[in-house]
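J.: Structure incoming, see below.
The values are calculated or read from the model by the stated rules, or taken from the named source; none is laboratory data. Please read these numbers as outputs of a predicted model, since none were measured by experiment. Quick reminder, even Gly has a Cβ in these numbers, built from the backbone with ideal geometry, and neighbours come from all protein chains shown. Accessible surface areas use protein heavy atoms only, side chains included; no ligands, DNA or RNA. Shrake-Rupley method; radii C 1.70, N 1.55, O 1.52, S 1.80 Å.
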Amino acid sequence: MLLHDFLFYLWRFIFSSKFTEDWGSRRSWVTWDGKPDFDYLLQKFGEAVVPVANCDVKEYNSNPKEQLPFKEYIKYWKEYIKNDYRSSRGCLYLKDWHLSRAFPEQDVYTTPVYFSSDWLNEYWDAIAVDDYRFVYMGPKGSWTPFHADVFRSYSWSANICGRKKWLLYPAGQEEYLKDRHGNLPFDVTAPSLQDRSVYPRYNQSQPPVEIVQEAGEIVFIPSGWHHQVYNLEDTISINHNWVNGCNVAIMWCFLQDELAAVQREINEWKDPMDDWHLQCQLIMKSCTGIDYKEFYNFLKVIAENRISVLENGLDDEASAKNTPKAAISTLGMLHAVFDLKRTVKVLTSLSANEDFKKLDLTSLSPPPEALLHHLKAAIDIALL
Ligand SMILES: *[C@@H]1O[C@H](CO)[C@@H](O)[C@H](O)[C@H]1NC(C)=O
Ligand SMILES: O=C(O)CCC(=O)C(=O)O
Ligand SMILES: [Fe+2]
C-alpha cells in the first residue's frame, strides 16, 4: 500500500477489508449476495439467549433492553425485512452479545495484532466475570444513541456484512453538546440541539467526522470520542473495547471525574455518614462498573503478568496456548517494559490520591508501595 493510502486510511479511522478477509464469520455468516446467512446463524446459535434493544424507545439516555432467544430474534428480523422494515414491535437491535464467551470453540474471528495489547479483556478474563468482546446484529435503520465507550476505552468495530454510518465527535467536543443541565443528548441529530435556550453552546461545536464503513472494514474509535452509529443495511459487526498503556491514563482521569460526580451528588450526607467515602465507592462501582480498589487490582494483574514474562520468560504451557502471557511475549520485551512504565505512572498517581488513601487498603496484597517497588526493579533489570 502506498504511504499516502495508508495515511488516508488512518485519518479516516478505517482499516481495509483485507484485515478481515480470512475470518470464519466473513466466510460462513454471509450469503453470496452479502446478506446475513440466517440459516447458518440459526444452526450454530439457535439455542442462545441474546440481549436485544428497542431503537424506537428512549428510556433515560438509552434504549430499553430485553433478553430474547436468538431463534425468536431471527424470526422477527426475517419478518421485519418481509414487511418492508416495519413492525408493531418496533426496530429491534441485537447488541452487546458476548458471543465469543458463549461459543469459544467457534471459528469466528481473530483480533488484529494492532488491537492486541488489551488490558481490559486480559484483566476481566483473569477474574473470569466479564469481557468486552461483543457482537451486534441489526436491520437497516437500527442505530446506537450518542455515547462514549465504557471507561473511555478505545473501540474497534468490524463489519461482517452490511454498512454503518458513524458520527464521531473528537474528545472534548461533548462540552458543547450538553444541555443547560449538563446532560448529553440522546440523539445528536435532533432538531432541539439548534434551540439555544436548551443547548446554549451548540453553535460552538464542530460538525462531526462522518464516516461510512463498508462490509469487512474495521473502524477505530479513539478514547473519549463520543459517537452515534447507524446501520445503513442489515448489518452484523464485531466490536471490542480495550485499554492499554496508551490510554490507561485517560481511564484513570475518567474514574476520578466519575468519583467527583458521585461526591457532588451525595455531598449533603458527608457529615452525618461516617462511611461516606466507602458509600461513594459503592455508588461508583454500581454506576461505572469499577471502583478505586478494583482499579488497583486491575493494574496489579497487568503488572504482574508482565513482570512474570520479563523475569521468567514463557513456560511451555503459556507459549503453547492462547494465553495473555503468550500475547505479551508476541509484542516483545520492550513493549512489556513500556506497559510497566505506564503502570508505574498511573499507580504512582493512584497511591497519592487523597480519596484512595481514605479507603481501607489493608486488604490490598501486595500493598501499593511494594508493588511499585517491584515494578521499578523489574524495569531496571529488563533494561540492563
Ligand atoms: C454563538 O452564539 C452566540 C450568541 O448568539 C454568539 O455570541 C457567539 O459568537 C456564537 N459563536 C459562534 C462560534 O458562532
Ligand atoms: O455499531 C453500533 O451500533 C455501535 C458500536 C459502538 O458504539 C462501538 O463500537 O463503540
Ligand atoms: Fe461505542
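J.: Starting from residues that are within 13 Å of ligand 3 (Cβ to nearest atom) and in contact (Cβ under 8 Å) with a residue 60 or more places away in the chain, keep the ones in the range 159-172 and report whichever is nearest to ASP187 (Cα to Cα).
T.: Out of the qualifying residues, it is LEU167.
J.: Being more than 23 Å from PRO112 (Cα to Cα), free of Cβ contacts under 8 Å to residues at least 24 places away in the same chain and touching a helix residue (DSSP H, G or I) at 6+ places or on another chain (Cβ under 9 Å) narrows it down to one residue among ARG196, ARG264; which is it?
T.: ARG196
J.: Does GLY313 satisfy the criteria of being under 22 Å from the mean Cα position of the chain (by Cα) and open to solvent by less than 60 Å² (accessible area, probe 1.4 Å)?
T.: no
J.: Just wondering, is there one or more residues in the range 320-331 that are in contact (Cβ under 8 Å) with a residue 12 or more places away in the chain and open to solvent by less than 40 Å² (accessible area, probe 1.4 Å)?
T.: yes
J.: I've got another one for you. How many residues does the range 148-188 contain that are surrounded by fewer than 16 Cβ atoms within 10 Å (Cβ to Cβ) and in contact with a strand residue (DSSP E or B) (Cβ under 7 Å, 6 or more places away or on another chain)?
T.: 2
J.: Yes or no: the range 189-208 includes at least one residue that is exposed (fewer than 14 other Cβ atoms within 10 Å of the Cβ), outside the structural domain of LYS140 (by TED's automatic domain parsing) and within 16 Å of ligand 2 (Cβ to nearest atom).
T.: yes
Yes or no, residue by residue, for (1) within 16 Å of ligand 2 (Cβ to nearest atom); (2) part of a loop (DSSP other than H, G, I, E, B); (3) over 17 Å from ILE236 (Cβ atoms):
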site: ILE81; (1), (2), (3): no, no, no
site: ARG86; (1), (2), (3): no, yes, yes
site: SER100; (1), (2), (3): yes, no, no
site: TYR109; (1), (2), (3): yes, yes, no
site: ALA128; (1), (2), (3): no, yes, yes
site: TYR136; (1), (2), (3): yes, no, no
site: SER157; (1), (2), (3): yes, no, no
site: ILE160; (1), (2), (3): yes, no, no
site: LYS165; (1), (2), (3): yes, no, no
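J.: Select from the range 123-158 the residues that are within 14 Å of ligand 3 (Cβ to nearest atom) and of a type in the set (D, E, K, R) and write down the one among them that is farthest from TRP77 (Cα to Cα).
T.: Per the criteria, the residue is ARG152.
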